[in-house]
Protein chains: 2
Amino acid sequence: MQLNLHQTHHEIADFEGIFKYLTTTFQKGNLAGLHIFPELFLTGYPLQDLPLKKTFIDDYLAFLVDLSIWSERQLKSSSPLALLFGGLAYEFDSLGWPALIENVMYIMEPGKKLRVLYTKQLLPNYDLYEEKKYFTPGSAPKVFEFDGKSIGLLICEDIWFSHLHEIDPVEQLKEFKDCDLVVSINASPYHLGKVEMRVNRALEISQFLEAPFVYVNRVGAEDEIIFDGHTFVVDGNEVVKMAEGFKPQILSLECPEYKAPSKQNMRSYHSNNNSWMTIFSTRLSSDTMTLTPMGVAGCKEVLDAILLGIRDYCLKNGLNKFTIALSGGMDSALVLTILKLLQKSMPLELEAIFMPGFYSSSISFDLSYDLCRNLGVKLTTMPIKFIHSTIKTSYKDNFGAELNGLADENIQSRLRGALIYMRSNHMNSAVMNTSNKSEIAVGYSTIYGDSVGALSVLGDLWKSEVFELAHYINAHHGNLIPADIISRPPSAELRENQEDSQSLPPYDRLDPILEALLSSRFSAADLIKRGHNKEEVLKVYSLLTKSEYKRKQFCPIIKVKPKSFGFGHRIPISKKTL
Amino acid sequence: MQLNLHQTHHEIADFEGIFKYLTTTFQKGNLAGLHIFPELFLTGYPLQDLPLKKTFIDDYLAFLVDLSIWSERQLKSSSPLALLFGGLAYEFDSLGWPALIENVMYIMEPGKKLRVLYTKQLLPNYDLYEEKKYFTPGSAPKVFEFDGKSIGLLICEDIWFSHLHEIDPVEQLKEFKDCDLVVSINASPYHLGKVEMRVNRALEISQFLEAPFVYVNRVGAEDEIIFDGHTFVVDGNEVVKMAEGFKPQILSLECPEYKAPSKQNMRSYHSNNNSWMTIFSTRLSSDTMTLTPMGVAGCKEVLDAILLGIRDYCLKNGLNKFTIALSGGMDSALVLTILKLLQKSMPLELEAIFMPGFYSSSISFDLSYDLCRNLGVKLTTMPIKFIHSTIKTSYKDNFGAELNGLADENIQSRLRGALIYMRSNHMNSAVMNTSNKSEIAVGYSTIYGDSVGALSVLGDLWKSEVFELAHYINAHHGNLIPADIISRPPSAELRENQEDSQSLPPYDRLDPILEALLSSRFSAADLIKRGHNKEEVLKVYSLLTKSEYKRKQFCPIIKVKPKSFGFGHRIPISKKTL
């Protein structure tokens, strides 16, 4: 039996595009075998409130009818053919409002109407997941017969049983019926380390059920979430075939036979994984409590994820020009460099602006100039000094007071925010946010100033990881970023001789504290007990908890870690703390 | 039996404050009877991710121990005394991570340890509620015996059974045991019409269970959410006593006997209310599809809610000064007037700035001046004309192009945003956002410009309701707002002779379309079918769905309606639409 695993991506609610994809792919005939598509292939994911919205529901139901008619009348095949894909199933109450929405697997077969095969039983509901808000879980296992084989069906979270759930759909399947193949369709968001997690789990399940296991994943980015694909098949012993990450692909192969694992590939089935684990996981070494570097493979993966994140956001929102404000520092240099790398996979226009103020050093211009020369990007200088002094004079004239201190620092940052958006409005270009995760965590940025942007490129990377990624890019994509940008001490240059280290612990101490506190695993007191400097921990904890108001107004952050700021991070602004 | 209903408010996680409240209130002795406190009294609500955070858990568990010791050793009473309050109960797994968190009712009695009486069974999980993300539901009813009476216990959502839930805790209670009294503890957010909804439901339940019914609610604001109090008791026929709204109060009364309802007060128990109803409800008259006015009582209630919202946000975040940018238009005038009314209940400093640009009319200054004179607020003028022209010149010098069109409009708005924050930084004052719900819905504001602010005061009121509230305030609090501010045509004054009506349908047509589309009840096609102008509907729908990116970066909006923008409104930025 031929397996065709469609690692696809369509825009959310792009019913027309999906219909076209299906009719185009299958009009040719001779595509026999089992075709498997991702979870919620028919609608896209995550949908948030859309499944409750009348416009969405009406359009989706009409699309289902069209699909069903097409399947019944036009889908033809001389050999056994079946398409399995994820979608929504609705029931309505007497008022016509959705009384029940299920996350299901549909089957499409030549000459037959579309029908529901299986309903997802475990609904993820932690961090950025909130499926219990919208969906009703199923309660029955399903094994369907195709081309002489018994195929067990699972949807995404179904394979991640934990004590939070009442049933384990994998155990349920084992008790229900022997399978020749187990299929899981997924819309599984990327984070560093996720691919390995999935493969390990797939091997566990394959060996437990004594059947080959197929994992089909969605690919593409939805605002902050990256679906990485990496669709794969294991035969019990190892990965038989894996699709590339971060791009659509159809993975075709003959369905493998189950192989008993060799000794070193043997896994025992864990029926009590904590599915909240992302909430508690950290990337800290448990003994030294230092941050685990991403490594070369990690940097490559994260870069691919970020590139896909920017690309899809721009394609879906009609953006193909970028204006980037360079400060002469690391973060903006890295963002511009990443956009330059993105130019390889999509046509886009890039321009850079340098906006020197009173406290900008000449080296900042020189380094920005060197970077733009390396990248072949046009750099325009638009000084803010005169505008800034005009504002200071006007302030004194009208309020009778000198502008100084924080107010004087922040106005420079906000002026740059306004000017970059002015340019972006004029050029119809997009502004990408250049903040890193460390800054976002401690609120070390000016709201409406350097924190502006449509999408945050580096907002899930600690400052030390920003440096690691810069080194990686220089090593693997030519020395694009001038070495002095990487080596100079970070500074906002908003007052004389300012350096980040005057306000914050050095990043190699700050980042591990933040990683620990952002997970739900450690309290400030725990960190002090483990030997972190007390004063630093308390200061960082206070900065972290008090800057929530800034994060509430922050743009979406491309997510590359188990625990990120953004949609999955929910802390009240107003609260008592330590 | 004496009932003491504590309509309290404490900051989230203010364990020290809550301990002090209890020990102070009960140290005097002679406070016999039943004392009832709100849902999650011990922690505050909503907690979002806090119950998973190690620091929160450690502090809360220590607090529970202190409370228990105090109850056992120091709480004394010669007559029967019991305290019922809401809190969290935890179980931990072998790793020490929370395996189970329940939203429970504790009982405290003299000489005894604190103990859990009842676990909430229905967890609200729609709109801004997401209790299934954190809590595990209970499954058993509870009737506890106190002072010779059988008292049935319920927590908040337990009284709002719908087809989404599997059990009806009210029916369960009826089958379980006859009660002399039914108690419901709540943390029920305010929206217009909510008080009446609760009373109607309480009467239904009281008659169904043939027992008096006590409804104790939290009071106070948490970021965007307002808890309005309005604690009350019904005896089966009518409301016996109701606490004031929007302020803490202890409501004391002798426990009433159940009274059979008179004919006109008779209710039948509805066991199939749709608890998603807020998602589908609109404030439109079903025949004419026009927006139902708030009315005098509604305006009073909404104003009280907004005042409490600003007050608590400021108290909790250490803010007691405000800088408000006046445009000469309705929204900013109303915000400043509301802050003036807030001055009656808390000490705060107010100042206004008028920042005229090239296109500001002189009438805008005159009206701002008149308003400030009426309110006794200092007004400073800080023109942006010269700064604006400096920027234009600088843009031309550096980019070789004239600044015009949208870029030139937006830079004025962003410059004002930067300048108001400059003043706010200098004065350590807060900036309140002045956008209304209509603008927020169609994206008719400049991101980082007029959309800035810590908290949105009017963001849940359609423009037509802003006018209604302004008229109400003028009628009931002296003619504070100059009539010409209310009557002049709305304009952003960012280009020559600009008026809102050039870009948008008139507000009396725009607002009903938005109200319909924001609820999940109507599609754009439905509205056209019902006779709305097709072109207008499609334009408004497109503006609404395409401006999601602006709302993602918007500040918290004080919620006064069943369906609001903010935390409970979740729509992807990237998506296909109509």
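The values are calculated or read from the model by the stated rules, or taken from the named source; none is laboratory data. Note that the structure is a prediction, hence the values are computed from the model and not measured. No Cβ is skipped: glycine too gets one built from the backbone with ideal geometry, and neighbour counts run over all protein chains shown.
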Selection count, region A:1-17, where residues are within 26 Å of the chain's Cα centre (by Cα) and more than 10 Å from chain B (Cβ to nearest Cβ): 6
Failed condition for A:Pro46, given (1) within 14 Å of chain B (Cβ to nearest Cβ); (2) assigned to a loop (DSSP other than H, G, I, E, B); (3) over 30 Å from B:His165 (Cβ atoms): (3)
Of residues in region A:166-186 being hydrophobic (A, V, I, L, M, F, W, C) and modelled with pLDDT of 95 or more, the one farthest from A:Val214 (Cα to Cα): A:Phe176
Count of residues meeting criterion [within 8 Å of chain B (Cβ to nearest Cβ), surrounded by 16 or more Cβ atoms within 10 Å (Cβ to Cβ) and touching a residue at least 24 places away in the same chain (Cβ under 8 Å)] in region A:381-407: 4
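Out of B:Gly17, B:Gly33, report the one residue that is at positive phi and assigned by TED's automatic domain parsing to the domain that holds B:Val219.
Details: B:Gly17 fails: at positive phi.
Within the list B:Gly17, B:Gly33, the selection yields B:Gly33.
Check every one of the strands (runs of 3 or more DSSP E) wholly within region A:192-261 and list those with 3 or more residues that are surrounded by fewer than 16 Cβ atoms within 10 Å (Cβ to Cβ).
Values: elements: A:213-217, A:219-222, A:225-228, A:232-234, A:239-242, A:249-254.
Strands (runs of 3 or more DSSP E) meeting the threshold: A:249-254.
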Qualifying position, being within 26 Å of B:Gly220 (Cα to Cα) and surrounded by fewer than 18 Cβ atoms within 10 Å (Cβ to Cβ), among B:Phe56, B:Phe19, B:Phe15: B:Phe19
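For A:Asn320, indicate whether it is in the same structural domain as A:Glu499 (by TED's automatic domain parsing), closer than 30 Å to A:His9 by Cα, surrounded by fewer than 20 Cβ atoms within 10 Å (Cβ to Cβ) and touching a residue at least 24 places away in the same chain (Cβ under 8 Å). Talk me through it step by step, then tell me what you get.
Values: in the same structural domain as A:Glu499 (by TED's automatic domain parsing): yes; closer than 30 Å to A:His9 by Cα: yes; surrounded by fewer than 20 Cβ atoms within 10 Å (Cβ to Cβ): yes; touching a residue at least 24 places away in the same chain (Cβ under 8 Å): yes.
Yes, satisfied.
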Enumeration of residues in region A:82-91 that are under 15 Å from A:Val104 (Cβ atoms) and crowded, with 16+ Cβ neighbours inside 10 Å: A:Leu83, A:Leu84, A:Phe85, A:Gly86, A:Gly87, A:Leu88, A:Ala89
Residue within region B:483-495 that is touching a His at 6+ places or on another chain (Cβ under 9 Å) and assigned by TED's automatic domain parsing to the domain that holds B:Asn410 present: yes
Test for B:Glu468: is it in contact with a Pro (Cβ under 8 Å, 6 or more places away or on another chain) and either facing chain A (nearest Cβ under 10 Å) or more than 23 Å from A:Leu419 (Cα to Cα) (or both): yes
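Working carefully through the options B:Leu31, B:Leu40, find the one that is within 14 Å of another protein chain (Cβ to nearest Cβ) and in a loop (DSSP other than H, G, I, E, B). If you could, list the steps in order and put the result at the bottom.
Values: B:Leu31 fails: within 14 Å of another protein chain (Cβ to nearest Cβ).
None of the other options fit; the residue is B:Leu40.
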B:Asp450 vs. criteria over 20 Å from B:Ser501 (Cα atoms) and charged (D, E, K, R): no
Residue in region A:301-339 that is nearest to the other protein chains (Cβ to nearest Cβ), counting only those that are under 15 Å from the mean Cα position of the chain (by Cα) and among the charged types (D, E, K, R): A:Asp312
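Anything in region A:59-81 that is closer than 24 Å to A:Ile12 by Cα and surrounded by 16 or more Cβ atoms within 10 Å (Cβ to Cβ)? List them, or say none.
A:Asp59, A:Tyr60, A:Phe63, A:Leu64, A:Leu67, A:Ser68, A:Trp70, A:Ser71 - these are the residues of region A:59-81 that are closer than 24 Å to A:Ile12 by Cα and surrounded by 16 or more Cβ atoms within 10 Å (Cβ to Cβ).
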Answer from B:Leu517, B:Leu543, B:Leu527 - the residue that is under 30 Å from the mean Cα position of the chain (by Cα), more than 18 Å from B:His569 (Cα to Cα) and assigned to a helix (DSSP H, G or I): B:Leu527
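A:Val199: in contact with a strand residue (DSSP E or B) (Cβ under 7 Å, 6 or more places away or on another chain), more than 23 Å from A:Val104 (Cβ to Cβ) and without any contact (Cβ under 8 Å) to a residue 60 or more places away in the chain, yes or no? Spell out the reasoning first.
Numbers: in contact with a strand residue (DSSP E or B) (Cβ under 7 Å, 6 or more places away or on another chain): yes; more than 23 Å from A:Val104 (Cβ to Cβ): yes; without any contact (Cβ under 8 Å) to a residue 60 or more places away in the chain: yes.
Here the answer is yes, as A:Val199 does meet what is asked.
Could we say that A:Ala454 is touching a Ser or Thr at 6+ places or on another chain (Cβ under 8 Å) and either in contact (Cβ under 8 Å) with a residue 60 or more places away in the chain or not assigned by TED's automatic domain parsing to the domain that holds A:Cys299 (or both) here?
Values: touching a Ser or Thr at 6+ places or on another chain (Cβ under 8 Å): no; either in contact (Cβ under 8 Å) with a residue 60 or more places away in the chain or not assigned by TED's automatic domain parsing to the domain that holds A:Cys299 (or both): yes.
Criteria not met by A:Ala454.
Being within 13 Å of chain B (Cβ to nearest Cβ), surrounded by 22 or more Cβ atoms within 10 Å (Cβ to Cβ) and more than 23 Å from B:Gln412 (Cβ to Cβ), is that true of even one residue in region A:448-456? Break it down stepwise before answering.
Start the filter on region A:448-456 by keeping residues that are within 13 Å of chain B (Cβ to nearest Cβ), which leaves A:448-456.
This time we only want the ones that are surrounded by 22 or more Cβ atoms within 10 Å (Cβ to Cβ), so: A:448-456.
If we keep only those that are more than 23 Å from B:Gln412 (Cβ to Cβ) too, we end up with A:455-456.
Yes; the residues of region A:448-456 include at least one that is within 13 Å of chain B (Cβ to nearest Cβ), surrounded by 22 or more Cβ atoms within 10 Å (Cβ to Cβ) and more than 23 Å from B:Gln412 (Cβ to Cβ).
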Matching residues in region A:481-497 - criterion: being in contact (Cβ under 8 Å) with a residue 60 or more places away in the chain and in contact with a helix residue (DSSP H, G or I) (Cβ under 8 Å, 6 or more places away or on another chain): A:Ile481, A:Pro482, A:Asp484, A:Ile485, A:Ile486, A:Arg488, A:Pro490, A:Ser491, A:Ala492, A:Glu493, A:Leu494, A:Arg495
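Of B:Ala492, B:Ala483, B:Ala516, which residue is away from chain A (no Cβ under 14 Å) and more than 30 Å from A:Lys550 (Cα to Cα)?
Numbers: B:Ala492 fails: more than 30 Å from A:Lys550 (Cα to Cα); B:Ala516 fails: away from chain A (no Cβ under 14 Å).
Of the residues listed, the single one that is away from chain A (no Cβ under 14 Å) and more than 30 Å from A:Lys550 (Cα to Cα) is B:Ala483.
Among the residues of region B:341-364, which ones are within 14 Å of chain A (Cβ to nearest Cβ) and in contact with a Leu (Cβ under 9 Å, 6 or more places away or on another chain)?
Applying the first criterion (within 14 Å of chain A (Cβ to nearest Cβ)) to region B:341-364 yields B:351-357.
B:Glu351, B:Ala352, B:Ile353, B:Phe354, B:Met355, B:Gly357, listed by residue number.
Of all residues in region B:414-445, count the ones that are of a type in the set (D, E, K, R) and within 13 Å of another protein chain (Cβ to nearest Cβ). Show your work before the answer.
From region B:414-445, those of a type in the set (D, E, K, R) are B:414, B:416, B:423, B:437, B:439; that's our starting set.
Right, trim to within 13 Å of another protein chain (Cβ to nearest Cβ) and you get B:414, B:416, B:423.
Residues meeting the conditions: 3.
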Qualifying residues in region B:295-310 (those that are farther than 20 Å from B:Leu350 by Cβ and in contact (Cβ under 8 Å) with a residue 12 or more places away in the chain) - the one surrounded by the fewest Cβ atoms within 10 Å (Cβ to Cβ): B:Val296
Of all residues making up region A:86-106, the number that are more than 16 Å from A:Ala62 (Cβ to Cβ), free of Cβ contacts under 8 Å to residues at least 60 places away in the same chain and away from chain B (no Cβ under 11 Å): 2
Leading residue by the ranking (nearest to the other protein chains (Cβ to nearest Cβ)) among those in region A:525-573 that are surrounded by 17 or more Cβ atoms within 10 Å (Cβ to Cβ) and of a type in the set (Lys, Arg): A:Arg570
